[in-house]
Amino acid sequence: MPPPVTPPSAGNDRLAAVYQLKIHLVGISPHICRRMLVRGDTTLAELHHVFQVAMGWENWHLHRFKLWGKEYGIPYTGGIYFADDARRVHLGDFPWQVNDKFTYTYDFGDYWLHQVRVEQVLPPTSLPAHPVCVSGRRACPPEEVGGPSGYDQRTLDQFSWAYEAADRLLAGEDIREDDVPTWFWTYRPEHFDKGQVNRKLAKLYQLKGNPDFLYSQGGYDYFFADERP
């Protein structure tokens, strides 16, 4: 159901407020999560990109938010239709209270469901610029891995391969021709780099003057090439 109508002054206060959000990726243990500070005047179209960068996704797939019983998102050709324009709906348009929750789903095939909880509502001075990540745990799953169940199996496969590969290297074998996914060589499930996330967020917000910012899809590789290890 839609949020109740509130006086204009209350709406203005919510748009100026800063929200501390905890994003938790559902279905994976140990938890993969991020804690963010986001201004209330952030549109849902912007928030999609903020969540993509904070979590570590690549923006390859469709998405949707579900807030107060209604779905929102950025429509793409061949995608799903949304009644409201996510470029005009702001986080602060809703009367959030501490512990309120909403969801963000990314990639309807793998179906990565994120639960988002409002942990604090802070004064405007708490965040003078763009959104920032204040903490997080563990690495984002690789794209196209098959959702939570696929992630569990593939990371077990990666561990087994790495264990065997180490023994083979000691025996003088060449493992460069192994037929394994590319990320098997580089993915570190326990790794999280808050500084890198915030550098990416700062760079992403340089695009806000470009009308393509809210509709960019197809991967961030070209934009964050200098942040690759």
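The values are calculated or read from the model by the stated rules, or taken from the named source; none is laboratory data. What you are looking at is a predicted structure, and each value in this text was computed from that prediction instead of being measured. Here the Cβ positions follow ideal geometry from the backbone for every residue, glycine too, while neighbour counts run over all protein chains shown.
For this structure, a couple of remarks:
- Residues within region 171-208 that are part of a loop (DSSP other than H, G, I, E, B), charged (D, E, K, R) and under 17 Å from VAL53 (Cα atoms), tallied: 1
- Of ARG88, ARG64, all but one fail to be crowded, with 18+ Cβ neighbours inside 10 Å and in contact (Cβ under 8 Å) with a residue 12 or more places away in the chain; the exception is ARG64.
- Flag if GLN115 is under 25 Å from GLU71 (Cα atoms), surrounded by 13 or more Cβ atoms within 10 Å (Cβ to Cβ) and of a type in the set (S, T, N, Q): yes
- Members of region 209-228 found to be modelled with pLDDT under 65 and in a helix (DSSP H, G or I), listed by number: GLY209, PHE213, LEU214, TYR215
- The set of residues from region 27-44 being surrounded by fewer than 21 Cβ atoms within 10 Å (Cβ to Cβ), out of contact with any His (no Cβ under 7 Å at 6 or more places or on another chain) and either hydrophobic (A, V, I, L, M, F, W, C) or over 28 Å from PRO189 (Cα atoms) (or both) comprises ILE28, LEU37.
- Selection count where residues are assigned to a loop (DSSP other than H, G, I, E, B) and basic (Lys, Arg), scope region 123-156: 1
- Set side by side, the residues THR103, THR43 differ, and just one is polar (S, T, N, Q) and within 13 Å of the chain's Cα centre (by Cα), which is THR103.
- Looking across region 85-108, not a single residue is under 21 Å from PRO124 (Cβ atoms), in contact with a Phe, Trp or Tyr (Cβ under 7 Å, 6 or more places away or on another chain) and of a type in the set (Gly, Ala, Ser).
- Residue in region 36-54 that is within 29 Å of GLN153 (Cβ to Cβ) and assigned to a loop (DSSP other than H, G, I, E, B) present: no
- Residue within region 160-172 that is at pLDDT 75 or above, closer than 27 Å to CYS133 by Cα, surrounded by fewer than 16 Cβ atoms within 10 Å (Cβ to Cβ) and hydroxyl-bearing (Ser, Thr, Tyr) present: no
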